[in-house]
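Remarks on the structure that follows.
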Amino acid sequence: MESSVYFLDFNRISNTIKAMDKLLEKSISYIEPGSSIAIKVHIGERGNFTYIRPFFIRKIVDYLKQQKAKPFVTETTVLYPTGYRRNEEEIIETARYNGFTEEGLGCPIVVADGNDGEDGIEVISDFPNSPIKSIKVARKIAEANGVIIVSHVKGHVFSGFGGAIKNLAMGCTTRSSKKIQHAAHGIVFNYEKCNSCGKCIEACVFSAIEMIDNRPVRNENKCMYCGNCIFSCENNAIDIFKDGKERFQIALAYVAACVLKIIKPLVFINFLMDITTLCDCCAPAGNIITHHIGILASKDPVAIDEASLDLIDNSPLLPGIPYPDPLGKLNGTDSRIQIKYLEKLGMGTRKYRLIYI
Ligand code: SF4
Ligand code: SF4
């Protein structure tokens, strides 16, 4: 059976506000008055300027309030040490910096996994052949009466692209669970390229690397898989496993499936605009690959991500951008691995019907 994916095509509308209302009316079913609804967003790292504009989130808040629901906008802490979203205080400050304020949004902004990024509810991954034993879903998202997953579709250095599936897996889990997912791609040192400069040791704020016999050695127990060492090495002597990007995407799919076991998703909304090569954690996130396409909404995270990639494939890509799957190719992987695995886990279908609103 096909899933419905509603499409607000920027080329076909003349009033963004009315079109957004229509998209939400069509895609969200009845909401119990008084229910708490988490709107999961990515507020953008400091210095990133291609994250979803706060105005769109305000529109979702207004719609929910009209339905007598109690919305709150939510985000989780990050794993990597170079950003400014590592704890509650930084997230709220960065949210404000990027234009997400309680006053502007019309509802509270809540850090779903708590100040230290570890407040979550455990879910066991009992899917056959799961590479993941268990994860924790950020508490405020797990406990909400309903969740709207709002995702900016863009590239990602390890997963090719990030949309609804990545937002579920990485965006809705605690910091330790983010680490579990990144551990899937591994960290490998190539000593033939290493000149023992020690820059990776300086870059590792978790003190997980030490020089032993003139070679940097990583302590697996201390490593948070933040990837900082990879980007610090000027000799490209640190990398992930050869099939690390594939493994990472498979981990994303299993974790997304675990998250879906306990949250109550109302709808997934994917924004296809400012589609950059890299993700919103990067500042900046690389070049735009095509024009603004539109906004999708669906109850199916598999279908909406598949539709997003198809629409990008069919858009007028900028000169020099590879095709098909430009985001996957630019990031050295096949972006659809995560989608195919989540479909295999029974959490949706890649068959969809695009409904223009
Ligand atoms: S930064 Fe690269 S070259 Fe320098 S010690 Fe670390 S791995 Fe070796
Ligand atoms: S060893 Fe590398 S990936 Fe691990 S915590 Fe240190 S910088 Fe991050």
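The values are calculated or read from the model by the stated rules, or taken from the named source; none is laboratory data. The model shown is predicted, which means the values in this text are computed figures rather than measured ones. Cβ placement follows ideal geometry from the backbone for every residue including glycine, while neighbour counts extend to all protein chains displayed. Surface accessibility is based on the protein's heavy atoms, side chains included, excluding ligands, DNA and RNA. Shrake-Rupley method; radii C 1.70, N 1.55, O 1.52, S 1.80 Å.
Given a Förster distance of 56 angstrom, what is the FRET efficiency for LYS242 paired with ILE17, based on the Cβ-Cβ distance and rounded to 0.05? Write down the numbers at each step before the final one.
Values: r = 48 Å, r/R0 = 0.86.
Working from the Cβ atoms, E equals 0.70.
Could you check what % of the DSSP bridge pairs in the stretch 44-173 are antiparallel, to the nearest 5?
Details: 9 of 12 bridges.
Just about 75 percent of them are antiparallel.
Taking the simple approach of a point 7 Å from Cα along Cα-to-Cβ for both LYS340 and PHE206, what is their distance in nm?
3.0 nm
If you take the square roots of the eigenvalues of the alpha-carbon gyration tensor of the stretch 69-150 and sort them as a ≥ b ≥ c, do you get rounded (a/c under 1.5), prolate (a/b over b/c) or oblate?
Oblate is the answer for the stretch 69-150, as a/c is 1.5 or above yet b/c matches or exceeds a/b.
Contour minus end-to-end for ARG96 and SER4, with contour as 0.36 nm per residue of separation and end-to-end as the Cα-Cα distance?
On the way: separation 92, 0.36 × 92 = 33.12 nm, distance 3.49 nm.
Between ARG96 and SER4, full extension yields an extra 29.6 nm.
Tell me the chymotrypsin sites (Phe, Trp or Tyr not before Pro) within the stretch 38-140 that lie in a loop according to DSSP and have at most 14 other beta-carbon atoms within 10 Å. Don't jump to the answer; show the numbers that get you there.
Values: sites: PHE49, TYR51, PHE55, PHE56, TYR63, PHE72, TYR84, TYR97, PHE100; in loops: PHE49, TYR51, TYR84, PHE100.
Sparse-neighbourhood loop chymotrypsin sites (Phe, Trp or Tyr not before Pro): PHE49.
If the stretch 187-239 were replaced by its equivalent ellipsoid, with semi-axes equal to the square roots of 5 times the Cα gyration tensor eigenvalues, what would those be, largest first, whole Å? If you can, show how the numbers build up before the last one.
Details: eigenvalues 46, 28, 18 Å².
Taking √(5λ) for each Cα gyration eigenvalue gives 15, 12, 10 Å.
Report in % the part of the accessible area of the stretch 86-128 that belongs to carbon and sulfur, leaving out ligands and nucleic acids; probe 1.4 Å.
Working: 1020 of 2180 Å².
That fraction is 47 percent.
Scan the chain and note any complete DSSP helix (H) whose C-alpha atoms cover at least 27 Å along its axis and whose Kyte-Doolittle average is 0.5 or more.
Details: long enough: 244-262 (28 Å, 0.87).
Helices meeting the criterion: 244-262.
Treating the beta-carbon of each Lys and Arg as +1 and of each Asp and Glu as -1, no other charges, what is the dipole magnitude of the chain about its Cα centre, to the nearest 20 debye?
Numbers: 42 positive and 40 negative charges, 128 e Å.
Roughly 620 debye, rounded to the nearest 20.
Rounded to the nearest 500, what is the chain's calculated 222 nm mean residue ellipticity when only DSSP H runs of at least 4 contribute -39500 (n - 2.57) each, over all residues? List each step's numbers first, then the result.
Working: 13 runs with 114 residues, N = 357.
Using -39500 (n - 2.57) per qualifying helix, the result is -9000 deg cm²/dmol.
Taking a cut-off of 25 Å, what percent of all Cα-Cα pairs in the stretch 1-154 are separated by more than that?
Values: 4345 of 11781 pairs.
The proportion of pairs with Cα distances above 25 Å equals 37 percent.
List the GluC sites (Glu not before Pro) within the stretch 113-156 that fall in a DSSP loop (any state other than H, G, I, E or B) and whose Cβ has at most 15 other Cβ atoms within 10 Å.
Numbers: sites: GLU118, GLU122, GLU143; in loops: GLU118.
For GluC sites (Glu not before Pro) across the stretch 113-156 that sit outside H, G, I, E and B with at most 15 neighbouring Cβ atoms in 10 Å, the list reads GLU118.
Work the Kirkwood hydrodynamic radius out for the chain: mean of 1/r over every pair of different alpha-carbon atoms, inverted, in Å. Can you show the working numbers first?
On the way: mean 1/r = 0.0486 Å⁻¹.
When all Cα pairs of the chain are included, the Kirkwood radius is 20.6 Å.
Please compute the length gained on full extension between GLU122 and SER176, using 0.36 nm multiplied by the number of residues separating them and subtracting their Cα-Cα distance.
Working: separation 54, 0.36 × 54 = 19.44 nm, distance 1.13 nm.
Residue separation times 0.36 nm, minus the Cα-Cα distance, leaves 18.3 nm.
Taking R0 as 30 Å, what FRET efficiency do you get between TYR30 and GLU103 from their Cβ-Cβ distance, rounded to the nearest 0.05?
According to the calculation, E is roughly 0.55.
Out of the trypsin sites (Lys or Arg not before Pro) in the stretch 242-313, which ones are loop residues according to DSSP with at most 16 other C-beta atoms within 10 Å? Write out the running numbers ahead of the final one.
Values: sites: LYS242, LYS245, ARG247, LYS261, LYS299; in loops: LYS242, LYS299.
Here the trypsin sites (Lys or Arg not before Pro) that fit, given the DSSP loop and packing criteria, are LYS242.
Can you tell me the FRET efficiency between ILE355 and ARG215 if r is taken as the Cβ-Cβ distance and R0 is 51 Å, rounded to the nearest 0.05?
Working: r = 57 Å, r/R0 = 1.13.
Plugging the Cβ-Cβ distance into 1/(1 + (r/R0)^6) gives 0.35.
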